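Worksheet: the structure to be examined is printed underneath.
The values are calculated or read from the model by the stated rules, or taken from the named source; none is laboratory data. Predicted model only: the values in this text are computed from it and were never measured. Counting neighbours? That spans all protein chains shown, and the Cβs are built from the backbone with ideal geometry, glycine included. Heavy atoms of the whole protein, side chains included, go into the accessibility calculation; ligands, DNA and RNA do not. Shrake-Rupley method; radii C 1.70, N 1.55, O 1.52, S 1.80 Å.
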Amino acid sequence: MSPISTPDGSSPPARPANSPAGEPAGSTDRAAPRPRPTPEPDGTSRPGPSTKQAAGPHPSDATTPHPSAVHLGTADRTGSADAAERATRDLAAQFEDEKPGRVLTGPTGLLLTGVSLAVGALALWQVFRPLSQGSKYYLIIFLAGVLPLVFLAYPADLRLPARFRARRRRIDSDSDSDSDSTDGNNADRDSESTRARPTATDWVLVALAAAACLYPVLPIPIGTGGGGYNAFLDRQGLLAPVDLVLGTVLLLLLLEACRRTTGWILPAVCLLFLGYGYYGGLLPQSWPVAHAGLDFSQLVDAFYNSDSGFYGTPLDVAASYIVLFTIYGAVLELSGAGRFFVELSAAAFRRSRTAAGRTAVASGFLLGTVSGSGAATTVSIGAVTWPLLRRAGYPPERAGGMLAAAGVGAILSPPTLGAAAFIIAEYLGVSYLQVLGWATVPTVLYYLGILLSVEIDARRSGVRPVVIDVGSPWRLLARFGYHFASLIAIIVFLAVGVSATRAVVFAIVLAIALSYLDRAHRLTPARLVTALVTGVRGVLAVTAVCAAAGIITATTTKTGLGPQAAALLIGGAKAATSDPTLVLVLTALLAAVALSLLGLAVPVTASFVIGWVIVGPALLDLGVTAPAAAMFVFYFAVLSEVSPPTALAAVAAAAVTGGRLVPTMWQTLRYALPAYLTPIAFVITPAGLGLLGIGGVQRIAFAAVVTALSVAVLAVAAGGWLPGVGPAGVPERVLGALAGVTLLWLEPVPVAVGTALAAVAAVGVLIRRGSAGRPSSEPVEEKL
């Protein structure tokens, strides 16, 4: 999500104006890494913001805030505001699952805009007038439009060996010395200008991608292949040589597209599955994971000409749902919704002791409803709320943990959950509204845990109250509350039986119409084009990942790896115990660890797909219901964004606050603790289904209340403070942790035991009362 704009069109600064542009970022063992330079539209480079720049003014200025540190409203958009907006956007891009792309101008930029408009128009057209040839035909056309854009929008970023780089610099230096003296400062321009414009190799890959994607639908005979879409489908299981060649080309192009957009790990995982499919027949047949073996043509046929390969469910979700929701998010952002959500959060808590922390958490939730991106939401709310948190006395690491945990809630918050939620709906054959219903109670519990941690930190750390100078929330709602209308409309449309795709298109139309209530953010035709292009460009990386995920799903289907891996997982649990209940618990714990480790290496969407085909069958075999198993995999796939040692959201937060990286990760883990434990609760007991809204009112209420108590006790145990009472010692914290974990077993006896342990811990804190200091009561006034 790009940075938040003010109602007049300006943008919050990513760093205060009085922070020196060249201020060092500090040692690498303290702060997050410095973001890479980003190309300007003209091909030149500008440095990305350092961690200190994003963090705010120099510590020596902490007692005398510069007016620009938190003042967001200006009369008009200035050059510094534009620079701040780009800085915030680029900072978010550095820590997303996907890499930052090029800024294209000139004819290439026009080409990308034109193709993006065509793809967006096709996606909207498909909602109301589906192509008569079927959904797979549409997926072929969609991928043919999107994949070439990946090679235009994302640079190769392949670094030459050191000796070749040194030789290239010498050649560039000699060339520059012979040029006009006015070009003497351009000796280092080559690498960045290469990133800023497509190379000849990129254009070759663009042409190959278009050819390989469009080949199945081209009605031109090519040897024994070609001949159009129906002829291509008729050759399923017996590909012609040209089919095999172009299928292999598309396979390699998708791997390269994933490498460009997400890095090396996902292509390596895909190659691992490919190698297993090809060489698995050579494994001893006594091994559980051995299979009969597949030759290369069988694998390409499964990838290129089946419903479980490139054109399987993941790509269908990207082309049918995700692209529409990214367009919707761009429309809301350009209409000023993001800024309104932040101001409303600040206004709601402006008089409270923990106004700064509550504002950050509420902003993360509201922005997450339109973002669905963890790291981007973290940077967006951090650019606005970090000055408030700093003035309130939050250490950078603790503030960073809070921002990261609140930002990751964007992927967990209805109505725009992450991309994996749409895949759940497709895999299980349920409506998207049902998936939203399953996510509602866990989302409330997640933010309950964060808010309790905020309250505990405020009292334990002596956080100073901050009076936020912002208008009445009722006045804001009266003037800009229409931004909620399209979000509510999605839920209403889904509730009355409208499909998710049509619901989001109707919401887009409503948001466009309502934007004319604000002169500064009217979505004129030119801005609508920007929204459409932004939405399509936002789905490029996801499309590459979803298409490549077909390699994993097709290999798993052809080899039977899913049931074999499930048997191994269950067998490992049975090796420790024969009790069926304990087997389920151990399997869930092993699955949680496996999914967490998997999520460290690949994006959330790919992590869910892999987890579902490997871990899902194990849970289903043990009697776990499909909704519980799917949501279990979904939550642990999402939590990779806050799990050390990668924790992309925490890295982004550390870059904003300037805090030490590892402590920021651990603080994030503490704030997000409920999200790790709640999924286990709705897997290990039937009553846990109440957390997904499944069952009668009594089951749902019981599960929600008991789990809320568990979250509260765990927050106290982790934070070391009982609100309204005082500090908790080590014995009380240990008892609280045991009580919180026991309460997750939603059966009468464990709940009674957990409640008793929590009561004993609370009594211990009461006895210890009075040993803690009191926070400062003098408010610090801030303008928002």
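One residue stands out in the stretch 247-267 among those that are of a type in the set (A, V, I, L, M) and modelled with pLDDT under 90: the one that is surrounded by the fewest Cβ atoms within 10 Å (Cβ to Cβ), namely Ile265. When you go through Gly329, Gly364 one by one, which is the residue that is at pLDDT below 85 and part of a helix (DSSP H, G or I)? Among Gly329, Gly364, only Gly364 is at pLDDT below 85 and part of a helix (DSSP H, G or I). Residue count for the stretch 192-204 satisfying the condition of being modelled with pLDDT under 90 and open to solvent by 80 Å² or more (accessible area, probe 1.4 Å): 1.
With the structure loaded, tell me whether Leu568 is out of contact with any strand residue (DSSP E or B) (no Cβ under 6 Å at 6 or more places or on another chain), part of a helix (DSSP H, G or I) and open to solvent by 20 Å² or more (accessible area, probe 1.4 Å) or whether it fails that test. So Leu568 passes the test.
When the helices (runs of 4 or more DSSP H) confined to the stretch 214-296 are screened for residues that are of a type in the set (S, T, N, Q) and in contact with a helix residue (DSSP H, G or I) (Cβ under 8 Å, 6 or more places away or on another chain), those reaching at least 3 such residues are found at 241-262.
Evaluating Val323 against the criteria (1) more than 30 Å from Leu445 (Cβ to Cβ); (2) surrounded by fewer than 24 Cβ atoms within 10 Å (Cβ to Cβ) leaves one unmet condition, (2). Being open to solvent by less than 20 Å² (accessible area, probe 1.4 Å), of a type in the set (Ser, Thr, Tyr) and free of Cβ contacts under 8 Å to residues at least 40 places away in the same chain is a property that Thr587 has.
Identify, by number, the condition in (1) open to solvent by 10 Å² or more (accessible area, probe 1.4 Å); (2) in contact (Cβ under 8 Å) with a residue 12 or more places away in the chain that Ala575 doesn't meet. Condition (2) is where Ala575 drops out. Of the residues examined, Phe422 is one that is touching a Phe, Trp or Tyr at 6+ places or on another chain (Cβ under 7 Å), modelled with pLDDT under 90 and farther than 22 Å from Trp386 by Cβ. In the stretch 287-297, what residues are open to solvent by 30 Å² or more (accessible area, probe 1.4 Å), at pLDDT 85 or above and in contact with a Phe, Trp or Tyr (Cβ under 9 Å, 6 or more places away or on another chain)? Once the filter is applied, which keeps residues that are open to solvent by 30 Å² or more (accessible area, probe 1.4 Å), at pLDDT 85 or above and in contact with a Phe, Trp or Tyr (Cβ under 9 Å, 6 or more places away or on another chain), the stretch 287-297 yields Asp295, Phe296.
Looking across the stretch 693-728, just one residue is part of a helix (DSSP H, G or I) and among the aromatic types (Phe, Trp, Tyr), and that is Phe702.
Please verify whether Val656 is in contact with a helix residue (DSSP H, G or I) (Cβ under 7 Å, 6 or more places away or on another chain), surrounded by 24 or more Cβ atoms within 10 Å (Cβ to Cβ) and more than 28 Å from Arg459 (Cβ to Cβ), treating the condition exactly as stated. Taking the combined requirement at face value, the residue does not satisfy it.
Summed over the stretch 298-320, the residues that are charged (D, E, K, R) and crowded, with 22+ Cβ neighbours inside 10 Å give a count of 1. Residues in the stretch 462-502 that are of a type outside the set (D, E, K, R), assigned to a helix (DSSP H, G or I) and free of Cβ contacts under 8 Å to residues at least 60 places away in the same chain: Trp474, Ala478, Phe484, Ala485, Ile488, Ala489, Val492, Phe493. The criterion of at least 1 residues that are farther than 28 Å from Ser320 by Cα is met, among helices (runs of 4 or more DSSP H) falling completely within the stretch 382-461, by 396-412, 432-460.
Looking at the structure I just gave you, is Thr113 at pLDDT 55 or above, open to solvent by 40 Å² or more (accessible area, probe 1.4 Å) and assigned to a helix (DSSP H, G or I)? Taking the combined requirement at face value, the residue satisfies it.
Each row is one residue, and each column tells you yes or no for (1) over 16 Å from Ala144 (Cα atoms); (2) touching a residue at least 40 places away in the same chain (Cβ under 8 Å).
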site: Arg235; (1), (2): yes, yes
site: Glu256; (1), (2): no, yes
site: Arg259; (1), (2): yes, no
site: Leu271; (1), (2): yes, no
site: Tyr276; (1), (2): yes, yes
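All told, Ala347 falls short of being surrounded by 24 or more Cβ atoms within 10 Å (Cβ to Cβ) and part of a helix (DSSP H, G or I). Criterion applied to Asp301, Asp307 was being closer than 19 Å to Thr557 by Cα, of a type in the set (D, E, K, R) and not in a helix (DSSP H, G or I), and the one residue passing it is Asp307. There is no residue in the stretch 688-705 that is open to solvent by less than 20 Å² (accessible area, probe 1.4 Å), β-branched (Val, Ile, Thr) and in contact with a Ser or Thr (Cβ under 8 Å, 6 or more places away or on another chain).
Applying the condition of being buried (at least 16 other Cβ atoms within 10 Å of the Cβ) and touching a Gly at 6+ places or on another chain (Cβ under 6 Å) to the stretch 205-246 and asking which residue is farthest from Asn305 (Cα to Cα) yields Ala240. Within the stretch 509-541, being of a type in the set (D, E, K, R) and open to solvent by 70 Å² or more (accessible area, probe 1.4 Å) holds for Arg519, Arg522. Of Val662, Val656, all but one fail to be part of a helix (DSSP H, G or I) and without any contact (Cβ under 8 Å) to a residue 24 or more places away in the chain; the exception is Val662.
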